[in-house]
Amino acid sequence: MPASASPIDNPLEAAARQLSDICHDRELLPPSFGPACVGRMVVHIRNINRSVIASTQDHVNAAKRLNDFALVLARVAGASTSVNGEFAVRMTSVADNLRAAKEQLAGADAIPKWRAPECDAS
């Protein structure tokens, strides 16, 4: 990365943070989409994030997985719209971040110019 290029916001870090926040707000989660399920998704997103920042080797696979997660979250959001509008909006935002990451990974042969993942205790 050239010295003049500064890192941009990391859509995977944003998605993981959003999902963690949703996971901790248990009242928002529908019974079919519990904290354990959301927690596993957060772990996968963080692992993908570390992988794609370290190497271009897994970008195609990462883009596919991120698209899969985005589709699942969009479906969950759509099914929740009439029951819990706030949850649906938040899940749609996560899906949008995952799609943005997927597009950036699919359209480039280089390591993304995202900020490095934040250290977390989880």
Open item on the list: Give the residue list of trypsin sites (Lys or Arg not before Pro) in segment 41-122 that are DSSP loop and have at most 15 other beta-carbon atoms within 10 angstrom.
Closed with: Lys113, Arg115
Open item on the list: What do you get for the angle between helix 11-24 and the principal long axis of the chain? Use alpha-carbon atoms, 0 to 90 degrees, nearest ten.
Closed with: 30
Open item on the list: Output needed for segment 11-106: three equivalent-ellipsoid semi-axes, defined as square roots of 5 times the C-alpha gyration tensor eigenvalues, in descending order, whole Å.
Closed with: 24, 13, 10
Open item on the list: Give me the net charge for the shell around Ala108: Cβ to Cβ below 14 angstrom, other residues only, Lys and Arg +1, Asp and Glu -1.
Closed with: -1
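We did not get these values from a lab; they are worked out from the coordinates using the rules stated. Remember, predicted model here, so these are calculated numbers, not experimental data. Glycine also receives a Cβ, built like all others from the backbone with ideal geometry; neighbour counts cover every protein chain displayed.
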